[in-house]
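Enquirer: I'd like to ask you about the structure that follows.
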Amino acid sequence: MPQTDAPVSLEAKNPFEMRVKLGEKVPETDVRSALKTGDMGFLHSFTTGSAVDGPGIRLVAWTTACMFRCQFCHNPDTWTLANGIPVALDRAIAEIQRYANSLKLMRGGFTLSGGEPLMQDRFASRLLAATSQMGVHTALETNGYYGERLSDEEWANVDLVILDMKGFTLEQHKRVTGGLSNEPVMDFARRLAALQRPMWLRYVLVPGLTDVDEEMKRLAEFAALLGVVERAEVLPFHQLGRYKWERLGLTYQLEGTEPPTQESIDHATAIFAAAGLPQ
């Protein structure tokens, strides 16, 4: 395995920091090997001190590569693997080890997010297993599309799954994500329920796109029946990632969309609460 760590800081100022082309010089054979073995991962960055990506204060690693093309994505630079910093698994584990004692003292933990972490499933599995062995709480934020890539035993190393759900109906899911089915996502949610794995549900509220009462009601009812959802979060849409779309030369369809009003946020939150989902 060649030298994999690029001369760039693993820690970002914030998850909105623009990072591109950091892994584009990695040979294709090494990329394929990394995806197969998990010996190396491609990361946008690490963020310290997060209080919103799981319980307590958390260290978050953001992977690159995602199969969805959500209209409201605020980090489109994480869509492609080549934009990520190539990081050896051992180095990523060592980075978490640096914070392990503090994370445990603060009743926090480590969250692997993205991008979509399960597009690098071997790296994700091995990193989360090593973190679990440190006695650190683990969380994985995912869109659920590739949930089948981890075995039941591997999911046992994940203390919390944060599932980002885009819609309940097939039509709405395709509309939001760029045409992909939500059948694998729904199957994954049911599997987590069967495994009794704790879950947080996240739903981004975008005026004119996802603020559809019937969609939210049906999704909330589905989630409530799972019996493992410990928290349902309605995340208000924002324009903080717009500049990334512009710099990447991407067509941004939500340019004229305003963030939701507090009234609409409260309304959406009430829909999920009415289904019996904790907030």
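Enquirer: When you look at Glu171, is it assigned to a helix (DSSP H, G or I), in contact with a helix residue (DSSP H, G or I) (Cβ under 7 Å, 6 or more places away or on another chain) and free of Cβ contacts under 8 Å to residues at least 60 places away in the same chain, yes or no?
Expert: In short, no.
Enquirer: Conditions first: (1) more than 16 Å from the chain's Cα centre (by Cα); (2) surrounded by fewer than 21 Cβ atoms within 10 Å (Cβ to Cβ). His173 passes all but one, so which condition is the exception?
Expert: With respect to (1) more than 16 Å from the chain's Cα centre (by Cα); (2) surrounded by fewer than 21 Cβ atoms within 10 Å (Cβ to Cβ), His173 is out only on (2).
Enquirer: Starting from the stretch 152-166, take each residue that is under 11 Å from Ser125 (Cβ atoms) and among the aromatic types (Phe, Trp, Tyr) and list its partners that are open to solvent by 10 Å² or more (accessible area, probe 1.4 Å) and assigned to a loop (DSSP other than H, G, I, E, B), counting only C-beta distances under 8 angstrom and pairs at least six apart or across chains.
Expert: Trp155/Arg197
Enquirer: Of the numbered conditions (1) without any contact (Cβ under 8 Å) to a residue 40 or more places away in the chain; (2) in contact with a strand residue (DSSP E or B) (Cβ under 7 Å, 6 or more places away or on another chain); (3) in a helix (DSSP H, G or I), Gln120 satisfies every one except a single condition; which is it?
Expert: Result: Gln120 passes all but (1).
Enquirer: Just to be sure, is Glu148 outside any loop (DSSP other than H, G, I, E, B), in contact (Cβ under 8 Å) with a residue 12 or more places away in the chain and open to solvent by 10 Å² or more (accessible area, probe 1.4 Å)?
Expert: The answer is yes for Glu148.
Enquirer: If you don't mind, there's one more thing I want to ask. Pick from Ala65, Ala34, Ala92: which is in contact with a Leu (Cβ under 6 Å, 6 or more places away or on another chain), over 29 Å from Thr257 (Cα atoms), open to solvent by less than 30 Å² (accessible area, probe 1.4 Å) and not in a strand (DSSP E or B)?
Expert: Ala92
The values are calculated or read from the model by the stated rules, or taken from the named source; none is laboratory data. These numbers were taken from a predicted model, which means no experiment stands behind them. Quick reminder, even Gly has a Cβ in these numbers, built from the backbone with ideal geometry, and neighbours come from all protein chains shown. The accessibility values were calculated without ligands, DNA or RNA, using every heavy atom of the protein model including side chains. Shrake-Rupley method; radii C 1.70, N 1.55, O 1.52, S 1.80 Å.
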